[in-house]
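Trainee: Below is the structure I would like to discuss, written out as structure tokens.
The values are calculated or read from the model by the stated rules, or taken from the named source; none is laboratory data. What you see is a predicted model; the values in this text were computed from it and never measured. Don't worry about glycine lacking a Cβ; one is built from the backbone with ideal geometry, like all the others, and counts go over all protein chains shown. The protein model used for the area step is the full one, side chains on, heavy atoms only, and it has no ligands, DNA or RNA in it. Shrake-Rupley method; radii C 1.70, N 1.55, O 1.52, S 1.80 Å.
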Amino acid sequence: MADVLSVGVNLEAFAQAISAIQALRSSVSRVFDCLKDGMRNKETLEGREKAFIANFQDNLHSVNRDLNELERLSNLVGKPSENHPLHNSGLLSLDPVQDKTPLYSQLLQAYKWSNKLQYHAGLASGLLNQQSLKRSANQMGVSAKRRPKAQPTTLVLPPQYVDDVISRIDRMFPEMSIHLSRPNGTSAMLLVTLGKVLKVIVVMRSLFIDRTIVKGYNENVYAEDGKLDIWSKSNYQVFQKVTDHATTALLHYQLPQMPDVVVRSFMTWLRSYIKLFQAPCQRCGKFLQDGLPPTWRDFRTLEAFHDTCRQ
């Protein structure tokens, strides 16, 4: 016998009860077939009556047996638990007229949305608590001078460590070349060339990525002063789309305690664009939609999707 689940329903007994219902329906159908056929296949009237009565009694016994079996199984099925995520509001799902009163589906969406809001609020609270701006009353009274604000330790990393992380990532992907420069002090800027498909300018603050700009392989990525142009957009709509998706990826890959993992995950995701113009959409199977290839890459599977097909 299967274990009774937390919802209070014995699934094995439930499946047997369904089979018993089918057997009962078959028995009842045989009773009516017997009444419909009447007395046949006997020469004498007495023989026909005896055969009819015997067949009718057998069918009634079958109905009685199947009914008793169904009653026995119904006691084993159990009752479903009354606990529901929406409590009594869950009973609205029993309303047969969903088109006119879609209240239950709206409540369920609001419930899921509130759960996501609570989850993300908890993450934001944890990040903000790591960089608290509050000052105690004792600190205010000890010195009238304003103390210099201490830099968060997670953001201050030696340039040698940043160079080592970028060098290891560069060796991980042979089809991707990474050129590191520091035109404005200690903050690094990366020029990532992905095959002959595209170029990406990555602006970093220590080992945290602040901004990314994606351009075509043949587009100019330098300004007039010879430095990397971190403000101009690509002239092509396809690379503007990829830039937007890269910004979304920066918000997705967030792990302040391990910034090197974040950079490596982002570069792995960026490497999936090596077949930007060769991979079809995993949903519609087309290479082009509205004149654009699949510009979206899933954050987990790295599969290609059109911007409208990923929903």
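Trainee: Just to check, using Stokes-Einstein with a Kirkwood Rh over alpha carbon pairs, what's the diffusion coefficient of region 11-77 at 4 °C and 1.567 mPa s in µm²/s?
Mentor: In µm²/s, the coefficient rounds to 99.
Trainee: Turning to a different aspect of this structure: Considering only protein heavy atoms and a 1.4 Å probe, what is the carbon-and-sulfur percentage of the accessible area of region 163-305? The partial results should precede the final answer.
Mentor: Working: 3760 of 7580 Å².
Here carbon and sulfur together make up 50 percent of the probe-accessible area.
Trainee: Another question, then. In region 11-77, carbon and sulfur make up what percent of the accessible area (probe 1.4 Å)? Could you put the intermediate results ahead of the total?
Mentor: Details: 2680 of 4910 Å².
Ligands and nucleic acids excluded, carbon and sulfur reach 54 percent.
Trainee: Still on this model: Assign one of three labels to region 186-285, namely rounded, prolate or oblate, based on the Cα gyration tensor with a ≥ b ≥ c the square roots of its eigenvalues; rounded applies when a/c is under 1.5, prolate when it is not and a/b is larger than b/c, and oblate otherwise.
Mentor: Oblate.
Trainee: Averaged across orientations, what area in nm² does the convex hull of the alpha carbons in region 246-311 project?
Mentor: 4.5
Trainee: Sticking with this structure for a sec: Beta carbons within 10 angstrom, averaged per residue: use that to sort the peptides 256-268, 102-114, highest first.
Mentor: My ranking of the peptides, most packed first, is 256-268, 102-114.
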